[in-house]
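Reviewing the structure listed below.
The values are calculated or read from the model by the stated rules, or taken from the named source; none is laboratory data. Please read these numbers as outputs of a predicted model, since none were measured by experiment. FYI the Cβ positions are ideal-geometry reconstructions off the backbone, even for glycines, and counts take in every protein chain you see. What goes into the accessible areas is simple: the full protein's heavy atoms, side chains included, and nothing from ligands, DNA or RNA. Shrake-Rupley method; radii C 1.70, N 1.55, O 1.52, S 1.80 Å.
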Amino acid sequence: MTHREMAAARPFSRHGAAARGRALDLINFLQAAVQSGFGPFISVYLTAAHWTQKDIGFALSVGTIALMASQVPAGALIDAMRSRRFALALATVGLLLGAAMMAVAPTLPMVLASQILHSFATSMSVPAIAALSLAVVGRREIGERMGRNARWGSIGNALAAAAMGWIGYTLSYRAVFVLAAVLAVPAIAALRFLPPATPRHEHHAHRAQRLPLGALFRHRGLIVYAGCALFFQLANAAMLPLVAAEMTKRSGTRATLIIAVAIVVPQVVVAVFSPLIGRLAGVTGRRILLVVGFLALPARALAFAVTATPALVLVLQVLDGVAGAVFGVLTPLIAADISGDSGRFNLALGIIGLAGGIGAAISTTLAGVMSDQWGTAYAFFGLAGAGAAATLTAALAMPETSPKPTK
């Protein structure tokens, strides 16, 4: 090994890598805890404030449109930045402010401002964490690292959701968003355990400035997987918010507890199985796991269309965990496969996120309109159709992107 190679390898010693790995565990835990306040609890909060499903769907869609608009610019910006840590800190401040706005009052201007700020912050935080992970472990071990990220994110999400459900039930719905804002403080403080930049960061930043974009945008795997992401979010984005609104109508204040448990169940599934999915992705390839995970979407939506009792909601959330674990772990892996060593990893993630944002924006508005016009069951049938489209696209059109797929 040359002197230069030894110097480059020194920051990535086994001890240092282990310490950074534990830091990433903590960061994923805290970031997910903050994000727990945004999602189904918003539907419960606004339904209790006498918003219609159409208005709730509109507010959620504004947020997803903002998310969609910011995905690609955020990915390109992070690829060009030297400090992913600073990007993640900035994003977490945005999450804090978004939660605080939501807590002030459930008025249309405040809710829309909160949704937009949250969306822009998420566009920075998700790829920044993925880029930090890739820099710490390298491409060879990224599958297991993404599974570990998902595990700790799920644990943080589950514990925070349980706390928020209890606080919403015993105190007020507004207190849920106060807690989300408070949790952002340790999430920012935890970033000091990671360096602001690494040699890998600098390498990819310089490569991103030099390489053309044409090959990335023409990549068949990127185009098809973007379609998969669109259909996935079209099926999934509105499902739990729709269930949350239905539970609020049926169960009143008990809805926060039901939804809290409904959030915890899939997070347990994700926490248990995500590292296994990351390892399997390197053995079986990506496509077969995508098909298996996506099948959970139409199955869950069809079951909700038949009946949505509290007990059934909790059982069916296991399927949400299966789909979420597969999508959450494989998305950054496929983005890494597609981008290779080009330094366009975050841009690839941004393009996939843009497609998913389009699906989510359509999902919440369409489901809200269908629910108000024809009933909740018809809305779930529509979501089931989108889930079937995601599964068929993955099965019939998605190429295998793994560098060493199993034959």
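Quick look at the values:
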| read-out | value |
| --- | --- |
| Positions within segment 252-268 being modelled with pLDDT of 75 or more and either open to solvent by 20 Å² or more (accessible area, probe 1.4 Å) or of a type in the set (S, T, Y) (or both), in sequence order | V261, V264, V265, Q267, V268 |
| Test for L234: is it part of a helix (DSSP H, G or I) and surrounded by fewer than 19 Cβ atoms within 10 Å (Cβ to Cβ) | no |
| Checklist (1) of a type in the set (D, E, K, R); (2) in contact with a Gly (Cβ under 9 Å, 6 or more places away or on another chain); (3) over 17 Å from V126 (Cβ atoms); (4) buried (at least 18 other Cβ atoms within 10 Å of the Cβ) applied to D372, failing item | (4) |
| Residue check for L222: at pLDDT 55 or above and within 30 Å of T365 (Cα to Cα) | yes |
| Any hit, segment 292-304, residues being modelled with pLDDT of 75 or more, over 22 Å from the mean Cα position of the chain (by Cα) and surrounded by fewer than 21 Cβ atoms within 10 Å (Cβ to Cβ) | yes |
| Residue count, segment 90-126 (criterion: open to solvent by 60 Å² or more (accessible area, probe 1.4 Å) and within 14 Å of the chain's Cα centre (by Cα)) | 2 |
| Condition broken by L330, with the remaining ones in (1) within 25 Å of L383 (Cβ to Cβ); (2) in contact with a Ser or Thr (Cβ under 7 Å, 6 or more places away or on another chain); (3) open to solvent by less than 20 Å² (accessible area, probe 1.4 Å) satisfied | (2) |
| So V283, is it modelled with pLDDT of 75 or more, open to solvent by 50 Å² or more (accessible area, probe 1.4 Å) and not charged (D, E, K, R) | yes |
| Residue satisfying condition, being open to solvent by less than 20 Å² (accessible area, probe 1.4 Å), within 22 Å of V261 (Cα to Cα), touching a residue at least 40 places away in the same chain (Cβ under 8 Å) and in a helix (DSSP H, G or I), within set G147, G168 | G168 |
